[in-house]
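For reference, the structure discussed in these notes is given below.
The values are calculated or read from the model by the stated rules, or taken from the named source; none is laboratory data. Computed from a predicted model, the values in this text were never measured in an experiment. Positions of Cβ are generated from backbone atoms using ideal geometry, with glycine treated the same way; all protein chains shown enter the neighbour counts. Please note that ligands, DNA and RNA were not included when accessible areas were found on the heavy atoms of the full protein model with its side chains. Shrake-Rupley method; radii C 1.70, N 1.55, O 1.52, S 1.80 Å.
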Amino acid sequence: DTIAKEVGAVNTIQFKRYGGRTHIKGYNTDVIGFTNSIKPLLQPHHKHALILGTGGASKAVAFSLSRMGIEYKFVSRNGNFDSFTYPQITKDIIDKYEVIVNCTPVGMYPKTDIAPGIPFQHLTNKHLLFDLIYNPEKTLFCQLGEEHGATVKNGLEMLHGQATAAWFIWNK
C-alpha cells in the first residue's frame, strides 16, 4: 500500500483471489503499532529522536516520527553522511535528542545483559526511551534509562497494535 511504499518496508502481506487470479498486497503495520504506543508519552519538548538500528522496523519508526513532526537521526555500527555511529554519540547529542528508540535486537532474550552502546549517564528525566523489544519485559536499555530518570516503554503494546492491524487487513 502507499504507506509501505513510503516506508520502504513490508511486514504484512495480504493474499486475495479475484477472478481466478491471486493478488498480493504488502502493508507496514509497525507504523500503526509504534505511533499509537508512543504518542501518549510524547511531550512538547520531544522534537528530536535517535533511532538505533537501520532495519525495516527502524524505517517504520522514522516514518512515524516524521509524521508526528519529530526530526530524527539514525545510529548504526556503520555510519554514513546522514547518521551517527555509536562512538559519535556525545553528551551534546544526547541533550538534543530526547527520544531514543531501540530498533536493534541488542538486549533481547537470551542475551539480556547487554544494551546498545550509548552514553546512558547523560540521560535525564526529559528523555523518552522506547525499546521495540518486549522479551525481557524490561531490557537493560530500559533499566539504564530509568536509573537516570527517563520515561521508558517496551514494544509489547506496539506488537499488539501491529498484530491487530494485520488481523484487520487479513480479514477485510
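Counting only protein heavy atoms, what percent of the accessible surface of region 10-163 is carbon or sulfur at a 1.4 Å probe? Result for region 10-163: 52 percent of the exposed heavy-atom area is carbon or sulfur.
Helix-only mean residue ellipticity at 222 nm, the chain, DSSP H runs n ≥ 4 weighted -39,500 (n - 2.57), per residue, nearest 500. What is it?
Working: 6 runs with 56 residues, N = 172.
After summing the helix terms and dividing by residue count, I get -9500 deg cm²/dmol.
For the chain, the Cα gyration tensor yields ellipsoid semi-axes of 31, 17, 15 Å (square root of five times each eigenvalue, largest first, whole Å). With θ taken as phi - 60° and the Karplus curve 6.51 cos²θ - 1.76 cosθ + 1.60 applied, the whole-hertz 3J(HN,Hα) list for region 48-64 is 9, 9, 9, 10, 7, x, 9, x, x, 5, 5, 5, 5, 4, 4, 4, 4 Hz, x standing for glycine and proline.
Of the residues HIS127, LEU159, TRP170, the one whose Cα sits farthest toward the positive end of the charge dipole of region 125-172, with +1 on the Cβ of Lys and Arg and -1 on the Cβ of Asp and Glu, is TRP170. Only the Cβ atoms of Lys and Arg (+1) and of Asp and Glu (-1) were treated as charged; on that basis the dipole of the chain about its Cα centre amounts to roughly 760 debye.
Dipole size of region 3-79 about its Cα centre, with +1 on Lys/Arg Cβ and -1 on Asp/Glu Cβ: approximately 300 debye, rounded to the nearest 20. In this label model, ASP95 and THR112 are separated by 3.6 nm, measuring between points 7 Å along each Cα→Cβ vector.
Solvent-accessible surface of the chain, taken per residue with a 1.4 Å probe and all protein chains present: 55 Å².
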